[in-house]
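All of the numbers you see were taken from the coordinates with simple rules; none came from a lab. The structure displayed is predicted, hence computed values, not measured ones. In this analysis, Cβ positions are derived from the backbone assuming ideal geometry, glycine residues included, and neighbour counts consider all displayed protein chains.
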Amino acid sequence: MMVNEVTLILGGNKGDRMQLIERATILLSEFATILKKSSIYQSESWGGVADQDFLNQAMVVHTEATPMAFLAQIQSVELTLGRRREVIWGNRTMDIDILYWGEEIIQLPELKVPHPLLDQRRFVLVPLVEIMPEFVHPISKKSQRNLLECCEDQSRVEIFDHL
């Protein structure tokens, strides 16, 4: 079985945000090996719909699953944690997006990897730069650090001090 290195972004803005990220991490570890995690960041909502700040964390995992099977697994985690897909970019308890599948490019109706909006989202790029600054985006051929430098999104993203 082939082991795939997958980069994720976890986040939410409803409920006990910190506890939900911790719980998502535990559930993810039941079917993936967690290799790296960024700090947890608090960020302004993106897309103009949600009305509360999000907590986000980037993560690199290993899985033997296929991309579609892995997508089903992470969507199951979202549902377990109370995710309801009501409004695009709206308030949510947990959202888990696949950002990278190694260096592969996946173009399926239900899954596009690299995530098509990651280079426009500061809340994604800041944690990615923390854990994999030199990783090269397989389409743009830019490092995560370079993508962040070029990102026009100026929304607030700061390390979450939860103590």
(message) At 1.002 mPa s and 20 °C, plugging the Kirkwood radius over alpha-carbon pairs of region 113-163 into Stokes-Einstein gives what diffusion coefficient in µm²/s?
(response) 189 µm²/s
(message) Can you tell me which of Glu130, Glu64, Glu30 moves the most in a GNM of the chain? Springs connect C-alpha atoms under 10 Å apart.
(response) Glu30
(message) What lysines does Lys14 reach when the alpha-carbon gap must be under 30 Å and sequence neighbours fewer than 8 apart in one chain are set aside?
(response) Lys36, Lys37, Lys112
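Using only the alpha carbons of the chain, what is the convex hull's orientation-averaged projected area in square nanometres?
Seen from a random direction, the Cα hull of the chain projects 9.1 nm² on average.
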(request) Pop the C-beta distance of Gln52 and Ile139 into the FRET formula with R0 = 35 Å and round what comes out to the nearest 0.05. (result) 0.65
(message) With +1 on the Cβ of every Lys and Arg and -1 on the Cβ of every Asp and Glu, and nothing else charged, how large is the dipole of the chain about its Cα centre, in debye rounded to the nearest 20?
(response) 140 debye
(request) Quickly estimate the mean residue ellipticity at 222 nm for the chain, helices only: each DSSP H run with n ≥ 4 gives -39500 (n - 2.57), and the total goes over all residues, rounded to 500. (result) -8000 deg cm²/dmol
(message) Could you work out the relative contact order of the chain? I mean the mean sequence separation of Cα pairs under 8 Å and 6+ apart, divided by the number of residues, in percent.
(response) 29 percent
(request) With label points built 7 Å along Cα→Cβ from the Cα atoms of Met68 and Leu35, find their separation and express it in nm. (result) 2.5 nm
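Report the full-extension gain for the segment Glu22 to Ile106: residue separation times 0.36 nm, less the Cα-Cα distance, to one decimal in nm. List each step's numbers first, then the result.
Details: separation 84, 0.36 × 84 = 30.24 nm, distance 2.85 nm.
Contour length minus Cα-Cα distance gives 27.4 nm.
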